[in-house]
Amino acid sequence: MRIKAVLAALVLALIPATAPAVASAAANPYERGPAPTAASVEASRGTFAVTQAAIPRQSNFGGGTIYTPTSDLTFGAVAISPGFTATQSSVAHFGPRLASYGFVVVTINTLSGWDDPDSRGRQLLAALDYAVRTNPRVDATRLAVMGHSMGGGGALRASVSRPALQASIPLAGWHTTKNWSTVGVPTLVLGGQNDPTAPNSQHSLPFYTSMTAAPDKAFLELRGGDHSDPRSDNVTVRKYTLSWLKRFVDDDLRYDQFLCPAPAPNTLISAYRDTCPHA
């Protein structure tokens, strides 16, 4: 009997040690992939295999490509718009990369290369609706938008039109509207330090500072960057776009370490502003 009592005591002693891990896993069912590292957030690919399929032109957006992680899980979805006169090829690298970390990604063509930012915003939302309707892997409650140049302006407009979005990332965003005080969606604004097309002083910075209703926002300026650098496949863009989407679409606090505390200016980042702490 004494042996049984000792064994029972040992079992009870182990319960507190294992219970928090179970509770933590249950607290966030949206975590996808292993714990991130400094190397993994800058890598070219994550751990999920990815399939892709062409989307034919639709009545409300110009078609594109949908990238889906190979898994029985559900995932948040991200729609990404190119800029003025550009096609999805300019943002195509985001598709397989973000999908390999656990997102369904739609890179879109717009109905016309000349479409203005507000039209691009409507088309981003139409692409998300298409993904929700046609892809069973999409979790309709976890959606985000990204875009470059006028596509970035479209991401801002989409955030106003659909405040239930979980994240927005304008890349060198361009829009004639400068006041976005009604945006409450967590927004990461990326700009190039030497952008001649959408200078930060006229676009990204006014966008960021005007977002008084957004408790979670950040502005990242790429040192020496021009208009195309914020949409480029470089380690800085990789790290911060992935971390932002993981943190706010997946509620994955494991990625907060790459966002808060805000990084100090360095050889890659000339300025960074943030509303840390997020957690």
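Helix 2-27: angle to the longest alpha-carbon principal axis of the chain, degrees 0 to 90, nearest 10?
Between the helix axis and the principal axis of the chain, the angle is about 10 degrees.
Quick one: ranking Met211, Met150 by accessible area, 1.4 Å probe, largest first, what do you get?
My answer, sorted largest first, is Met150, Met211.
Calculate, for His93 and Ser161, the FRET efficiency according to 1/(1 + (r/R0)^6) with r their C-beta to C-beta distance and R0 25 Å; round to the nearest 0.05.
After rounding, the FRET efficiency stands at 0.40.
I want to check the label-to-label distance for Tyr272 and Ala49. Put each point 7 Å from Cα in the C-beta direction and report it in nm to one decimal.
3.6 nm
Which value in nm describes the separation of the simple spin-label points at Asp226 and Asp72, placed 7 Å from the Cα toward the beta carbon?
In this crude spin-label approximation the distance works out to 5.0 nm.
With the crude spin-label approximation of a point 7 Å out along Cα→Cβ, what separation in nm comes out for Ser40 versus Thr182?
4.0 nm
Could you check how many percent of all C-alpha pairs in region 39-274 are farther apart than 21 Å?
49 percent
Can you give the helix-only mean residue ellipticity at 222 nm for the chain, where every DSSP H stretch with n ≥ 4 adds -39500 (n - 2.57) and the sum goes over all residues, rounded to the nearest 500 deg cm²/dmol?
-10000 deg cm²/dmol
On the accessible surface of region 39-274, probed at 1.4 Å, how many percent belong to carbon and sulfur atoms?
Carbon and sulfur together cover 52 percent of it.
So which aspartates and glutamates pass the test for Lys246, namely a Cα distance under 15 Å, with those fewer than 8 places away in the same chain ruled out?
Within reach: Glu31, Glu42, Asp139, Asp216, Asp256.
When Lys and Arg each count +1 and Asp and Glu each count -1, what net charge do the other residues less than 13 Å away from Val41, Cβ to Cβ, add up to?
+4
Using a cut-off of 12 Å between alpha-carbon atoms, which aspartates and glutamates can reach Lys217, once sequence neighbours fewer than 8 places away in the same chain are excluded?
Here the aspartates and glutamates satisfying the reach criterion relative to Lys217 are Asp274.
Find out how many positive minus negative residues lie around His278, taking Lys and Arg as positive, Asp and Glu as negative, among other residues whose Cβ is under 14 Å from that of His278.
So the surrounding residues net to -1.
Using the C-alpha gyration tensor of region 46-108, what are the square roots of 5 times its eigenvalues, in whole angstrom, with the largest one first?
They are 21, 12, 9 Å, listed from largest to smallest.
Once amide H atoms are placed 1.01 Å from N in the peptide plane, what residues at a sequence separation of 5 or more from Gly63, or on another chain, have their amide H within under 5 Å of its amide H?
Those qualifying (amide H under 5 Å, at least 5 residues apart or on another chain) are Gln58, Asn109.
Near Ala158, within a Cβ-to-Cβ distance under 10 Å, what is the net charge of the other residues, with Lys and Arg +1 and Asp and Glu -1?
It works out to a net charge of +3.
Would you calculate the volume per residue, in Å³, of the smallest convex hull containing every Cα atom of region 167-247?
72 Å³
The values are calculated or read from the model by the stated rules, or taken from the named source; none is laboratory data. Remember, predicted model here, so these are calculated numbers, not experimental data. Methodologically, a virtual Cβ is constructed for each residue, glycine included, from the backbone with ideal geometry; neighbour enumeration extends over all protein chains shown. Just the protein is used for accessible areas: all its heavy atoms, side chains included, with ligands, DNA and RNA removed. Shrake-Rupley method; radii C 1.70, N 1.55, O 1.52, S 1.80 Å.
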